[in-house]
Amino acid sequence: MTQTNELERWLAEEARILERLDAGPGPGVARPEQIAGKTGLEIMQGIVDGTLPYAEIARTLDFTVIEVAPGRAVFQGMPLQRHLNPLGTVHGGWFATLLDSALGCAVHTLMPPGRAYTTAELGVNMVKAITPKVQRVRAIGTVIHCGRQLATAEARLVGPDGMLYAHATTTCLVFEVPAAR
């Protein structure tokens, strides 16, 4: 598949997902009763399906969740002028946020009901600059290990041509969600 065809496929997939998200509840935080008894995968699938709110940071930084599966999450981002640093390339914080989203959500897909996680460590290696000429990138996160107290994951930030722009790892603390009072 050529780079042009792959980009067209990415854009079509993004358009379908954004249409579902726009028809759903929009950005925000799910109410406790919306997620009670659900696994992390069910919650993440509800976000992708547009039945649960998605994180507002995605709208702020122009990225969206594309796909979730057990131990995997894919986010697609659109590098824009407003994401540039003073040198004219995309700011490292944009890279890190997109990668952190894919990493954390990959871990989230493996949480049973009543369990949650938080990022304890995030390591990002940027290997190639992104400019607004790059139309889209994908952060593909996969879980390496998910235990009772710790989870680790890795992610790659790639273009439709397979170009690697960054890679990252995370360690997440896993814990029981406190009961509502």
Show the residue pairs that are 6+ apart or on different chains and have beta-carbon atoms under 9 Å apart, the first residue being within segment 1-21 and more than 17 Å from Val134 (Cα to Cα), the second being in a helix (DSSP H, G or I) and acidic (Asp, Glu). Arg20/Asp49
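Within segment 46-71, track down each residue that is farther than 19 Å from Leu99 by Cα and either among the hydrophobic types (A, V, I, L, M, F, W, C) or crowded, with 16+ Cβ neighbours inside 10 Å (or both).
Filtering segment 46-71 down to residues farther than 19 Å from Leu99 by Cα leaves 46, 49-53.
Once the filter is applied, which keeps residues that are farther than 19 Å from Leu99 by Cα and either among the hydrophobic types (A, V, I, L, M, F, W, C) or crowded, with 16+ Cβ neighbours inside 10 Å (or both), segment 46-71 yields Gly46, Gly50, Leu52, Pro53.
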Just a yes or no: is a residue in segment 120-141 part of a strand (DSSP E or B), touching a residue at least 60 places away in the same chain (Cβ under 8 Å) and more than 13 Å from Ala102 (Cα to Cα)? no
Taking segment 160-181 and keeping residues in a loop (DSSP other than H, G, I, E, B) and surrounded by fewer than 20 Cβ atoms within 10 Å (Cβ to Cβ) leaves Asp161, Gly162, Met163, Val177, Pro178, Ala179, Ala180, Arg181
Determine whether Ala96 is in contact with a helix residue (DSSP H, G or I) (Cβ under 7 Å, 6 or more places away or on another chain) and either farther than 20 Å from Leu7 by Cα or in contact (Cβ under 8 Å) with a residue 12 or more places away in the chain (or both). no
Within segment 38-72, residues among the hydrophobic types (A, V, I, L, M, F, W, C), more than 12 Å from the chain's Cα centre (by Cα) and under 17 Å from Arg115 (Cα atoms) come out as Leu41, Ile43
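Just to be sure before I move on: is Ala106 among the small types (Gly, Ala, Ser), surrounded by 21 or more Cβ atoms within 10 Å (Cβ to Cβ), outside any loop (DSSP other than H, G, I, E, B) and touching a strand residue (DSSP E or B) at 6+ places or on another chain (Cβ under 8 Å) in the structure I sent?
Yes, satisfied.
The numbers here are math on the coordinates, done by the rules we state, and not lab data. On a predicted model such as this, the values are computed, not experimentally measured, just so you know. Here the Cβ is made from the backbone with ideal geometry for all residues, glycine too, and neighbour counts use every protein chain on show.
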